[in-house]
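Visitor: Take a look at the following structure, please.
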Amino acid sequence: MADPRGFLKYKREVPAARPPVERIHDYREIYIEDSKEHILQQASRCMDCGVPFCHSGCPLGNVIPDFNDAVYREQWGEAFEILRSTNNFPEFTGRICPAPCESSCVLGLHSLPVTIEHVEKSIAEKAHELGYYTANKEIERTGKSVAVIGSGPSGLAAADQLNKQGHTVTLYERNDKIGGLLRYGIPDFKLEKWVIDRRIKIMEDEGVTFLTNSNVGQDIDALELMNSHDALVLCGGSTIPRDLPIPGRELKGVHFAMEYLEQCNRRNYGTKMDPSVEINPEGKNVLVIGGGDTGSDCVGNSARLGAKQIVQIELLAKPPVDRSERNPWPQWPMILRTSSSHEEGCERQWAVLSKEFVSDGHGRVKALKVIEVEWKNDPVTGQNKMMEKAGTEREILCDFVFLAMGYLHPQFEGLLKSLGIEVDARGNVADKNYQTNIPKVFSAGDMRRGQSLVVWAITEGRGAAKAVGEYLAG
């Protein structure tokens with residue numbers, strides 16, 4: 001099991017990052033390339049813990065101790081085979097996964113956990129470098145055809161798995177490039193897009209057909225598509241954002257986060273923006289509403305575009321630095337997290353309730369009226385209740401506001417309505433083992449599960465592919 005004393009000899013050390021003052025001037029990945037020796041040391045920290053809770057912490061069930069051991073022995077091919085047996089896209093998860101596996105690492109009980117995410121990324125990159133990541137062009141075909149709709153991580157995972165089963169797979173994407181939120185949601189400084197293109201090329205070489213600018217349910221008749229394939233897998237994501245219906249919402253300068261993030265990524269491709277719709281916060285006051293990863297991405301982009309001031313507010317109270325007694329290991333720790341984007345310049349405020357957007361008198365937003373709140377536990381129900389704190393009303397200056405408060409459910413119009421797909425009480429696609437109310441139509445990812453993590457999306461795609469395979473096999 002790697003080095004039996006590795007966790008005693010070496011401290012947890014994540015890869016070094018370029019200084020914030022340097023990296024905000026470009027969109028390249030922020031981390032400096034690590035040395036082989038350092039990667040081997042970090043892999044050697046994986047201890048012979050008996051019951052590896054990291055397995056249950058990872059939705060994909062990655063066999064983490066085994067690939068850590070292989071890395072320590074410098075058996076990169078073996079490590080890659082172990083990793084890709086459970087994870088189709090370690091080059092993605094190794095960069096943008098919040099690593100719930102690390103929160104469940106047994107070493108984390110008395111020390112700092114193994115740098116599992118970084119080891120995973122290192123395996124994937126080494127596999128590309130050494131030629132282990134090659135297309136299998138000898139797949140035996142079943143004669144069955146499957147259409148996958150949506151090219152985010154769940155759609156890509158479903159397509160990859162179904163193709164490996166031997167089915168003829170066509171993946172439809174309504175946007176102009178493949179990748180979904182990986183392409184137009186995640187900023188380049190977290191996931192450079194050549195990483196996606198490199199992996200898509202392998203899938204194409206293995207036989208997957210990708211069709212872009214193909215909006216099923218609008219440009220393409222969904223019923224005809226269903227009738228012309230043996231199965232459909234719907235992976236359209238949870239795309240309807242949570243809004244903030246307060247006075248002044250209609251003012252110019254108030255945008256959903258994804259509208260802004262997509263523009264930023266398109267600009268990095270060299271797309272020329274129409275000045276009438278361009279969102280450019282250079283020299284402006286930026287306010288981000290929502291304290292999650294999407295809000296953090298808005299912060300990082302705004303820093304790179306030269307915003308004068310960036311403020312991020314969150315309705316909930318400030319999380320503790322350490323786990324509380326009610327949040328023990330190996331649960332996901334509900335603690336304060338500071339992202340690389342926050343390090344680049346941002347004022348963060350917690351327990352703040354938005355009341356009204358203030359106009360500049362010309363139809364644009366100039367400020368947000370807020371009030372501080374206090375969260376108290378109700379002894380009867382056990383639930384937290386929000387109470388406004390009198391005398392704490394104030395205004396936050398803002399020229400641009402980005403609403404990053406999560407997503408409600410998938411888009412109903414078009415694909416889902418035209419196929420007659422049933423949804424559950426939350427508005428997500430209703431299913432039984434990924435199968436919808438129409439037997440040959442399946443669903444996966446955020447469209448079925450609700451807004452979640454990239455690692456869950458890949459898990460969903462794999463699960464749906466297994467269910468489709470069983471259905472097609474009778």
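Visitor: Work through the residues other than ALA303 whose Cβ is under 13 Å from its Cβ and net out their charges, Lys, Arg +1 and Asp, Glu -1.
Guide: -3
Visitor: Ignoring the sites themselves, what is the longest stretch of the chain with no GluC sites (Glu not before Pro) in a DSSP loop and at most 15 other beta-carbon atoms within 10 Å? Working shown, then result.
Guide: Details: sites that count: GLU13, GLU33, GLU74, GLU138, GLU140, GLU250, GLU278, GLU325, GLU393, GLU413, GLU422.
That gives 141-249 as the longest site-free run.
Visitor: Still on this structure, I have one more. Just want the ordering: PHE442, PHE402, from fewest to most Cβ atoms lying within 10 Å of their own Cβ.
Guide: Ranked by crowding around the Cβ, least crowded first: PHE442, PHE402.
Visitor: Using only alpha-carbon positions, what ratio does the radius of gyration of the chain give when scaled by 2.2 N^0.38 Å?
Guide: It is 1.02.
Visitor: Strictly greater than 15 Å: what percent of every Cα pair in segment 349-396 meets that?
Guide: Result: 54 percent of Cα pairs exceed 15 Å.
Visitor: Find out how many positive minus negative residues lie around PHE412, taking Lys and Arg as positive, Asp and Glu as negative, among other residues whose Cβ is under 13 Å from that of PHE412.
Guide: Spelling it out: positives minus negatives among the neighbours equals -1.
Visitor: Just the isolated ones, please: cysteines in the chain lacking another cysteine beta carbon under 4.7 angstrom.
Guide: Isolated Cys, the chain: CYS46, CYS49, CYS97, CYS105, CYS235, CYS264, CYS298, CYS346, CYS398.
Visitor: Still on this structure: Helix-only mean residue ellipticity at 222 nm, the chain, DSSP H runs n ≥ 4 weighted -39,500 (n - 2.57), per residue, nearest 500. What is it?
Guide: Details: 19 runs with 156 residues, N = 474.
Using -39500 (n - 2.57) per qualifying helix, the result is -9000 deg cm²/dmol.
Visitor: Would you list PHE210, PHE67 from fewest to most Cβ contacts within 10 Å?
Guide: In increasing order of surrounding Cβ atoms, one gets PHE210, PHE67.
Visitor: Counting alpha carbon pairs within less than 8 Å and at least 6 residues apart, what relative contact order, in whole percent, applies to segment 370-468?
Guide: 18 percent
Visitor: Computed from the mean reciprocal separation of all distinct C-alpha pairs, what Kirkwood hydrodynamic radius does segment 19-106 have, in Å?
Guide: By the Kirkwood definition, the hydrodynamic radius is 14.4 Å.
Visitor: Provide ILE196, ILE220 in ascending order of the number of other Cβ atoms located within 10 Å of each residue's Cβ, fewest first.
Guide: Going from sparsest to densest Cβ surroundings: ILE220, ILE196.
Bear in mind these aren't lab numbers, they're just calculated from the coordinates by the rules spelled out. Treat the numbers as computed from the prediction; the structure is a model and nothing was measured. No Cβ is skipped: glycine too gets one built from the backbone with ideal geometry, and neighbour counts run over all protein chains shown.
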